[in-house]
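Here the structure is laid out as structure tokens; the discussion comes afterwards.
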Amino acid sequence: MLKVEILSVTYSGDGQETHAVSEVSFILEQGQSMGIIGESGSGKTTLGLAIMGILRPTAKITGTIEYNKINLRELSQRQLDMYRWKHIAMVFQNGLDILNPLMTVNEQIKECIIRHTKIKSHDADSRVKELLGQVGLGTSVADSLPHQLSGGMRQKVLIAMALACDPKVLIVDEPTSSLDAVSKEEIIELLAYLQHQKRFVMIVISHDFSVITRLTDKMCVMYRGHILEEGLTRDILENPLHPYTRGLINSSPSLNPYQDLWGIPRASEAATEEGCSFYPRCNQKEDICKSQKPKLKYASLERKVACNQGGIITLLKARGINKTYSFKGNKICACKDCHMSIRAGEIIALIGQSGSGKTTLASILSGYLEPESGNIEFLGQTIKQHEFTSQLRGIQMVFQDPFSSINEQFTVLQAVKEPLDILKLYNTDERTAMVKQALADVELACDNTFLNRRCFTLSGGQRQRVAIARSLVLKPRLLIADEISSMLDPSTQANILRLLKGLQNALGFAMIYITHDLDIARKIADKLYIMHKGEIVETGPARKVFDNPKSEYARKLISKNS
Amino acid sequence: MRHQKALKYFATFFCIITLNFFLPRIMPGDPFYFLSSEQGEVAVTYSQEEIDRFKAYYGLDKSMLAQYGSYLKGIIKGDLGYSIYFGSDVKTIIKNRIPWSVSLVLLSVIIGGGVGTLLGCLSAWYRGNASDKFLYSIMVVISEIPAFLIGIFFLFYLAARQGIFPLSGGAKPFADYASWIDVLLDIARHGFLPTLTLSVVQMSGFYLIARNSMITIMSKDYIITAKAKGLGTRRILFRHALSNAALPIATQAFYSLGQAVGGTLLVENVFKYPGLGSLMRQAVMVRDYPLIQGIFLTVTLFVIIMNAAVDILYKRLDPRIT
Amino acid sequence: MVIKMPKIVKQFSIAGKFSLVFIVLVCFIAIFAPMLTKYPWNQPTGASLEPPGKAHILGTDDLGIDLWAQICHGARNSIVVGIGTAVIACFLGTLLGVVSGYYQGVADLVITALIDILTSIPSLPIMVVTGAFFGPSIKNIILILSILSWAVPARIIRSKIISAKQETYIKVAEGYGAGFFYITYRHFLPQIFPISLISFIKLISRAIVSEASLSFLGLGDPTSKSWGLILNYALNFPGIYFTDYWKWWIIYPLLCIILLVLATATVGREFEKILDAKID
């Protein structure tokens, strides 16, 4: 019914060109609802206005908007007026001035009806009342002025007004922003009900996931005018394929009841014209992303992603890991047929009690230990011993005992600089600068006095920070933290954890956090792996596992905790 | 584990025997050339017959493997060759000297060990005392000085100066004895100084080991228990403490056997005591190779066997190891 | 670590400091022997068996050679053998101890077997026998002493390396691709240095004693007058006991050996006391 093809909207002003919408395409059939989600400035509202054809004259539009096979762009304004409101209506973002403050509600709704339908004026009044009733407002509202109504009521008026001419396409722009929870709920329910009943095409534009989840079957994620991901709403929420989508989901309080909220880090540099628009804030950016604009491509049956690397990449894939220790004639199976996969920027909590084999598994995954059998791939290459811990942008591990993982006779500078020294990277000054940066990242002093302190003068918490700084110096893509705060006091634990999560958010590395503490895991994990006696007994998205553990051991573990 | 240890000792054994085999065969020059020149202190000339006998003994005309074979056979039989200088079997010569050396070693270990252990225990008990500190410093100094130097010291102060003891030898040469007792007394007079020297050295060694072991044991809980029971000092020291310290002290002593043997061999030369030590010196002086080798083999193998025996027995003797 | 030496020495007791001075003195005498002696050490320059007097400060021996010159020259033997053996044995022992402890596996088995064999063999008989067969030169003495002595420091260092290797920071450094040389230089050596140093000093002591013993037996280098050799000649002089000659001919070399051995032993103990406390 509605088909948009390669629609682009460009504003030019002050000598600069702003690409508000870039090459957006989608198709919607009758009864379908699609959500468009993005931050402010993503172009979602512009898109809606473009479909309505009410952009400012300074806007340059290219592409086609087809409604029932008619290209709306080829129509003149007068011809477009025939379609406006009768066929395609928009519920605008609620604001104080969205309705004319001097006209009553009745009048404002009536004028649409009179314009587009054959209904006469006095019949229109009853129609208005009917409409108000449909949105759950009392008839007295009809004679009210906008400022006399609450925000929720105003929103309902807008909806009623949009439905006045029974449109076939309804565009809803931020229907619930600035509403209280009760009103929000009412509006969402209303829209869902109406859409279900009248079977119009609904485009929901919002930055709020809860709205989009409830109201849409399909959704697309927009960023700076580009669609970065497109697919079924439920699927995208469960398994986002684009780093930006994942970032948005992680920022949503409604979707993250357990985890702390973390936003997407702000851009460190400007995006280039030729490259991916998300490049400056992406945590898995490569050089190609700077020079090549990604195209929206099918990643699976009902999913499209626009990413030069095909979406969130899988960093590490381990299959069939087995490791047995012989001790005094007994064989202890530390890892039995373990599988694990980690995507870029993901946080995995590996949970298990002591002796469950989690440290062994971590050592094998990072390359410190050789498994008896199994295959581990990092970015598609098989891991051979220390290959990936001895290079930039590889894997790094932070160990449990900070007293043993740093040679305490070393100075802080020597300890953090060690990987650069061994690999002979950069010159002396650059190395010192990188050390200082790393120390600043872990919130330690970076003046020369501190750099020259010997590590045996540092406390456990400080040493652990130094160990983290050391592992950051090689800019890892994957950081494995093995119970790093279990040997520290609770206050230091909390600080280290926050620090680590902050670093993860800012620098974008993936993290395997090993712990026996379920509460900590709840706070930070995207995905859970639960290990028991060498086997991975349960795995899945954190929320799913916590709400509904499937394996017996997991159930025991989680019920004990809650 | 035990088998591994036994294996190591066998390996060492074998190394020594093999080394002994190769020594004359890889030394620079010809053993006979050396002997016939003026380099030695005592110039010895050998008749062709003696040289031939020598050669036959070493089997230098046969292949290396055959030589090694007959060498091993000889070792097993106990044949250590023929000493040209002394004109008899090496085996016999050594056998005659052994009692002198062994008696020195045994006596010095028993006496020195006994006195040293006792003093060490007392020192440990009265630790920190002025007498402990004094005794400790003296013992440390003595332990560092090589035995033969102490021997020389005794030789000149007690023998030459005071004339109390004879200056050399094991017994008065060409003496006629009225009875057994006189023989013994004479031997005792001659052997007093070497025994004294070696005992002093052993004493310092045992003292330090005993003191250390006792200090460690004193800090154990069962000593506190004993004290709490109001037991007398002597009982605690000997029945409780020393019995536990005895094993480590004894094993330490055995392990220092190598040093003790070395010390004995040197001290004998100071006093010209007729044991293996002076024999060795004489053999070296005249470059009597078969004799040198014989002494080397005997002494070294003896020490290794003693070490091995202690090693294996120790595990059996410690009641805590089942 | 080497920079800390002056600080450590300052902490020595009086006995320790005296010992250190004495050792330095002996080294000095050894190096500058020709300049310190009026008379040559190998030619008769006086009546035989002269007691100490104005001309010959320590007297002469039976051939009339000045004793003071002999002792000064003999100091060279002691120092050269002492330090030479210690350097080689310490270096070898440290190297093999580190290799054995770090790589383990086959290298460790072989080296440990060697260590076990060497420590169970009594040293004197072997020294005598090799001296007799290969000729008593200083080179040979140093060689055979080194071969026999490297085992003890190697064993100590090996066990230290094995325990140091368990530390996580070694694993971490290996993870960065560090090889044997980096890890030994950066991580192990600073920890082994105290042990090596103490072993070194103890080895000097042992070497001096061994050299004196060998010379005493007549297996010393006959081309130079080691202190042990002087004693050997003196004791073999017939009638030494009935005369007073021993008062200088025996006493002085005897004292020299005893004092030097005691001095090195004391210095060794002092280092042990201080460095052990630091390690703890």
Exercise. Which net charge results when you count Lys and Arg as +1 and Asp and Glu as -1 among the other residues whose beta-carbon is under 10 Å from that of residue C:51?
Worked result: -1
Exercise. Taking springs between alpha-carbon atoms closer than 10 angstrom, which of C:60, C:243, C:112 fluctuates most in the Gaussian network model of chain C?
Worked result: C:243
Problem set entry | Mean shadow area of segment B:91-142 over all directions, Cα convex hull, nm² | 4.4 nm²
Seminar exercise, completed: Computed over chain C, the relative contact order (Cα-Cα under 8 Å, seq sep at least six) in percent reads 25 percent
Problem set entry | Modelled FRET efficiency - R0 56 Å, residue A:403 with residue B:25, Cβ distances, 0.05 increments | 0.45
Exercise. Antiparallel DSSP bridges in the protein assembly as shown: what percent, to the nearest 5?
Worked result: 60 percent
Exercise. P(r) tail for segment A:499-545, what percent of Cα pairs lie past 17 Å?
Worked result: 36 percent
Problem set entry | In Å, descending, principal axis extents of the Cα set of segment A:314-561 | 54, 39, 37
Exercise. Longest exposed-loop-site-free stretch of chain C, with chymotrypsin sites (Phe, Trp or Tyr not before Pro), DSSP loop and at most 13 other Cβ within 10 Å?
Worked result: C:33-241
Exercise. Segment A:22-99: which trypsin sites (Lys or Arg not before Pro) are DSSP loop and have at most 10 other beta-carbon atoms within 10 angstrom?
Worked result: A:69
Exercise. Among the trypsin sites (Lys or Arg not before Pro) within segment A:182-220, which fall in a DSSP loop and have no more than 15 other Cβ atoms within 10 Å of their own Cβ?
Worked result: A:199
For this session: May I ask you to evaluate 6.51 cos²θ - 1.76 cosθ + 1.60, the Karplus curve with θ = phi - 60°, for each residue of segment C:242-259 and list the ³J(HN,Hα) values in order in whole Hz, giving x for glycine and proline?
Result: 8, 10, 9, 4, 4, 4, 10, 4, 9, 4, 5, x, 4, 4, 4, 4, 4, 5
Problem set entry | Gained length - residue A:324 relative to residue A:489, 0.36 nm times residue gap less alpha-carbon distance | 56.1 nm
For this session: Find, among the trypsin sites (Lys or Arg not before Pro) in segment A:497-561, those assigned to loop by DSSP (not H, G, I, E, B) with at most 15 other beta-carbon atoms within 10 angstrom.
Result: A:533, A:550
Seminar exercise, completed: Summed over the other residues with a beta carbon less than 12 angstrom from that of residue A:374, with K and R at +1 and D and E at -1, the charge totals 0
Problem set entry | Nonlocal amide H pairs with residue A:306, under 5 Å, H built at 1.01 Å | A:229, A:297
For this session: Assuming 0.692 mPa s and 37 °C, estimate D for segment C:102-254 with Stokes-Einstein, Rh taken as the Kirkwood radius over Cα pairs, in µm²/s.
Result: 177 µm²/s
Exercise. When ranked by the protection proxy of mean other Cβ atoms within 10 Å per residue, highest first, what sequence do the peptides B:196-207, A:360-371, A:101-112 form?
Worked result: B:196-207, A:360-371, A:101-112
For this session: May I have the pair-distance distribution P(r) for the protein assembly as shown, computed from all Cα-Cα distances with 20 Å bins from 0 and rounded to whole percent?
Result: 9, 26, 23, 16, 12, 9, 4, 1, 0
Problem set entry | Translational diffusion coefficient (Stokes-Einstein; Kirkwood radius from C-alpha pairs) of segment B:91-317 at 25 °C, 0.890 mPa s, in µm²/s | 127 µm²/s
For this session: Report, ordered by chain and residue number, the aspartates and glutamates lying within cross-link reach of residue A:436, taken as a straight Cα distance under 18 Å and ignoring same-chain residues fewer than 8 apart.
Result: A:418, A:421, A:447
For this session: With a Förster radius of 45 Å, plug the Cβ-Cβ distance of residue A:12 and residue A:384 into 1/(1 + (r/R0)^6) and report the FRET value to the nearest 0.05.
Result: 0.25
For this session: Using only alpha carbons, build the gyration tensor for chain A and give me the equivalent ellipsoid semi-axes, biggest first, whole Å.
Result: 54, 26, 22
Exercise. What does the helix-only formula give at 222 nm for the protein assembly as shown: each DSSP H stretch with n ≥ 4 adding -39500 (n - 2.57), the total divided by the residues, and the result rounded to the nearest 500 deg cm²/dmol?
Worked result: -17000 deg cm²/dmol
Exercise. What does the charge add up to near residue A:546, with Lys and Arg as +1, Asp and Glu as -1, over the other residues with Cβ less than 14 Å from its Cβ?
Worked result: +4
For this session: Measure nothing but the geometry: give the 0 to 90° angle between the long axis through the Cα atoms of A:105-116 and the longest principal axis through the Cα atoms of chain A, rounded to 10°.
Result: 70 degrees
Exercise. How large is Rg/Rh for segment C:5-279, to two decimals, with Cα atoms and a Kirkwood Rh?
Worked result: 1.07
Exercise. Hey, what's the Kirkwood Rh for segment C:83-156 if you take every pair of different alpha carbons, in angstrom?
Worked result: 12.7 Å
Seminar exercise, completed: Over the Cα atoms of segment A:1-59 the radius of gyration and the largest Cα-Cα distance (Dmax), both in Å, equal 12.5, 43
Seminar exercise, completed: Residues whose modelled amide H sits under 5 Å from the amide H of residue C:220, counting only those 5 or more places away in sequence or on another chain, are C:215
Problem set entry | Peptide B:145-158 - average C-beta neighbours from other chains (10 Å radius) | 5
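Values in this text are rule-based calculations from the coordinates and carry no lab data. Bear in mind that the values here come from a model prediction, so they are computed numbers and not experimental data. Positions of Cβ are generated from backbone atoms using ideal geometry, with glycine treated the same way; all protein chains shown enter the neighbour counts.
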